[in-house]
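Asks: Following this message is one structure expressed as structure tokens.
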Amino acid sequence: MKFIGILLAILYLAPFVSGQNKEIKMYSPSKNIEAGHYFENNKIQYAVKYNNYSIIAPSNLSIQFSDTSLFQEMELISTKKEVSLHESWKPVWGEYSNIDVVYNEWQTSFKDKNNENLRMKLVFRVFDNGLAFRYEFEGATNSVTITDEQTEFHLPLDFQTWWIWADYNTYEKLYQKTPAKEANWVATPVTFEMYDKFYMSIHEAALTDYSGATLKQKQKGSLVYETELVPWKDGTKVKTKLPFVTPWRVILLAEKPGDLIESQIIPSLNEDCKIKNTNWIKPMKYVGIWWSMHIGTETWKLGERHGANTENAKKYIDFASENEFDAVLFEGWNTGWENWGKPNAFDYITPYEDFNLTEIAQYASDKDIEIIGHHETGGDIISYEEKIDSAFALYKSLGIDVVKTGYAGAIRPEGEHHHGQFMVNHYRKVVETAAKYEIMIDAHEPIKATGIRRTYPNMMTREGVRGMEWNAWSSGNPPEHTCIIPFTRCLGGPVDYTPGIVDVLLKNNKNNRTNWNNAKMEETRVYSTVAKQLALMIVLYSPLQMASDLPENYENHPALKCIRQIPVSYDTSFVIDSKIGEYILIARKKGNTWFIAGISDKNKRDFTIDNLPLIDDQEYEIQMFNDGKNASYHNNPEEMEIKTKKIKGNQKLFAHMAEGGGFVWIIKSINQAD
């Protein structure tokens, strides 16, 4: 039956390509992807084949407006084809110093039969490793309201799926692995394994002045997903005016799961950089007053356990200066935490009485350490937008060039959602306003990453994932969690997961913790070996990368030698080997140094690595930060084996990862090492 199912899927496009007189066929540059769309009886459908296998069966394309007369009767005008478009661009920071993409583009234009001034254009870009399409509307009207976007993704078979439940306000969930029929309503990116040989992920790119998209089965248990936009509080989906374009609907395709990670389609679909001078935008590695609050040894609000006080701040600055960090984050520095949940709780400019902001800023400057400021809004957008200019102006006057924003809590105005158009526009306003003050942003409780970092590279990183903090006050993140998110959440862009914990059992402060979040404190811990925590700083890329543990836990710890050397921007990257939810081995290069990292799920694994791009007869020095022989995340997570040795470029290397484990290798040529 399995072979019959695959045969049917291969043939699924047959009715679609059987002589429709308004059918448009499209191909990728190497013709490994074949797509097509046709228009008949006022209905547009599309379908996609990859390596001759159907991966999207005929699916509807439609947008519904509150004015039901708009585009209800359309006429196809023309199709324009452009072949082998090549685009090369240089990111300000990232996993690659240069990005090249090649694609073929088709633009099919329609007009509204009832109003010849109204036009709709359907634009497809077909790459060798995926495709994207969007709607472009032209005309002159005061305003339009979208009530529904009926873009469909019809799976031909019940593919294996990695997904989280759709939620209008958070992405902080554990991923599930189920057949697609059980994934009823999903957030994007959502990733599939097809025919036991191919991989696909569906997401969106260039989300601008539009609502975030989820995918919902048209009928529960069906294989037809329809775009479900996050609504405004009045139930409508998008409020805009002509002309406008939708976000790109993106389908990434790969023969190996690691190829999804290497894809640069999503950022490349965004507009070029709008910031003329980007010299002030700099990746950073940082520590901060943060983890202590989550494990309950310090507090955000003023009191005897208040974390962000002048003395403690200087301690962190000293530690950062002595250990080659670039910056320090201070959460809980400003008044208002005692009024959490109330309107206008924060003014974003008044420090607590025990935090001398001016003195601390000068102290950090004298030590050549950047300060990462913090704006927790509690979801009160009305208040934050009133105060944002004065808040950024204060930071700028003190030489503070990075701000971490937070949106924990229900959105005010009441009834709006974190992922709807109201908040999409707010998040963009923050980034644009920050750029005016030459300030970089790290957003928590954000809208999903859709590649906007190309247009606004001061949008450095964001959370949007169930991150490290969950290990401090919940049942925690299982070992497979971090082996899934590189193939799901991280496909959209950098993630501020905040790795680097070395006290993974939380034993060093077990007698000094207070229960602030109704957790079973004795059961909280980080489900990882220490070596894996180091590896996560390379695997889970972020240009603002936090080593999140307490300074006293790093003091005299051998892991600190590794952390000091890990870069925050690279020249190139590639996946050595991977299997979604089980393991990933990745290589990144900065200058002449290679950084190799691997992570595993709950199982121990051994690998032979012989595909590193090293010069055969060249001699290299390799620093190895490995799991110890008897390490296990269960009962021996701290054991590490650290050694340095010489290797030849053509030498096979053997990697061992413990249960819930990982490793980091740093490889330099001998001349460079000297």
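Asks: Give just the number: which of (1) surrounded by fewer than 23 Cβ atoms within 10 Å (Cβ to Cβ); (2) closer than 20 Å to residue 295 by Cβ; (3) acidic (Asp, Glu) does residue 432 not satisfy?
Replies: The failed condition is (2).
Asks: If I filter segment 434-452 for residues that are acidic (Asp, Glu), within 17 Å of residue 273 (Cβ to Cβ) and part of a loop (DSSP other than H, G, I, E, B), do I get at least one hit?
Replies: Yes - at least one qualifying residue is present in segment 434-452.
Asks: Could you please let me know if residue 282 is in contact with an Asp or Glu (Cβ under 9 Å, 6 or more places away or on another chain), assigned by TED's automatic domain parsing to the domain that holds residue 325 and basic (Lys, Arg)?
Replies: For residue 282, the condition - in contact with an Asp or Glu (Cβ under 9 Å, 6 or more places away or on another chain), assigned by TED's automatic domain parsing to the domain that holds residue 325 and basic (Lys, Arg) - is met.
Asks: If residue 131 meets every condition in (1) surrounded by fewer than 22 Cβ atoms within 10 Å (Cβ to Cβ); (2) in contact (Cβ under 8 Å) with a residue 60 or more places away in the chain; (3) in a strand (DSSP E or B) apart from one, which number is that one?
Replies: (1)
Asks: If I filter segment 212-220 for residues that are over 22 Å from residue 431 (Cα atoms), under 19 Å from the mean Cα position of the chain (by Cα) and part of a loop (DSSP other than H, G, I, E, B), do I get at least one hit?
Replies: No, segment 212-220 contains no residue that is over 22 Å from residue 431 (Cα atoms), under 19 Å from the mean Cα position of the chain (by Cα) and part of a loop (DSSP other than H, G, I, E, B).
Asks: If you check 512, 518, 508, which single one turns out to be in a loop (DSSP other than H, G, I, E, B) and touching a helix residue (DSSP H, G or I) at 6+ places or on another chain (Cβ under 7 Å)?
Replies: Selected residue: 508, the only one of 512, 518, 508 that is in a loop (DSSP other than H, G, I, E, B) and touching a helix residue (DSSP H, G or I) at 6+ places or on another chain (Cβ under 7 Å).
Asks: Any chance segment 141-160 includes a residue that's free of Cβ contacts under 8 Å to residues at least 60 places away in the same chain, touching a helix residue (DSSP H, G or I) at 6+ places or on another chain (Cβ under 7 Å) and outside the structural domain of residue 453 (by TED's automatic domain parsing)?
Replies: yes
Asks: All but one of (1) β-branched (Val, Ile, Thr); (2) in contact (Cβ under 8 Å) with a residue 24 or more places away in the chain; (3) not in a loop (DSSP other than H, G, I, E, B) hold for residue 615; which doesn't?
Replies: Among (1) β-branched (Val, Ile, Thr); (2) in contact (Cβ under 8 Å) with a residue 24 or more places away in the chain; (3) not in a loop (DSSP other than H, G, I, E, B), residue 615 violates only (3).
Asks: When segment 85-120 is examined, which residues are found to be crowded, with 17+ Cβ neighbours inside 10 Å, aromatic (Phe, Trp, Tyr) and in contact with a strand residue (DSSP E or B) (Cβ under 7 Å, 6 or more places away or on another chain)?
Replies: 96, 103, 106, 110
Asks: Tally time: how many residues in segment 632-654 are more than 17 Å from residue 565 (Cβ to Cβ), surrounded by fewer than 21 Cβ atoms within 10 Å (Cβ to Cβ) and either in contact (Cβ under 8 Å) with a residue 60 or more places away in the chain or in contact with a Gly (Cβ under 8 Å, 6 or more places away or on another chain) (or both)?
Replies: Residues flagged as more than 17 Å from residue 565 (Cβ to Cβ), surrounded by fewer than 21 Cβ atoms within 10 Å (Cβ to Cβ) and either in contact (Cβ under 8 Å) with a residue 60 or more places away in the chain or in contact with a Gly (Cβ under 8 Å, 6 or more places away or on another chain) (or both) within segment 632-654 amount to 6.
Asks: Now a separate question. Which condition breaks for residue 181 when tested against (1) out of contact with any strand residue (DSSP E or B) (no Cβ under 7 Å at 6 or more places or on another chain); (2) part of a strand (DSSP E or B)?
Replies: (2)
Asks: Which of the residues belonging to segment 69-109 are on the phi > 0 side of the Ramachandran plot and not in a strand (DSSP E or B)?
Replies: Listed by number, the residues that qualify are 71, 94.
Asks: Got a sec? Which of 573, 569 is out of contact with any helix residue (DSSP H, G or I) (no Cβ under 6 Å at 6 or more places or on another chain), of a type in the set (S, T, N, Q) and in a strand (DSSP E or B)?
Replies: When all the criteria are applied, what remains is 573.
Asks: Just one of (1) closer than 23 Å to residue 192 by Cβ; (2) in contact with a Leu (Cβ under 8 Å, 6 or more places away or on another chain); (3) among the polar types (S, T, N, Q) trips up residue 107, so point out which.
Replies: (1)
The values are calculated or read from the model by the stated rules, or taken from the named source; none is laboratory data. Being a predicted model, the structure only gives us computed values, none of them experimental. Heads up, the Cβs are rebuilt from the backbone with ideal geometry, glycines too, and the neighbour counts pull from every protein chain shown.
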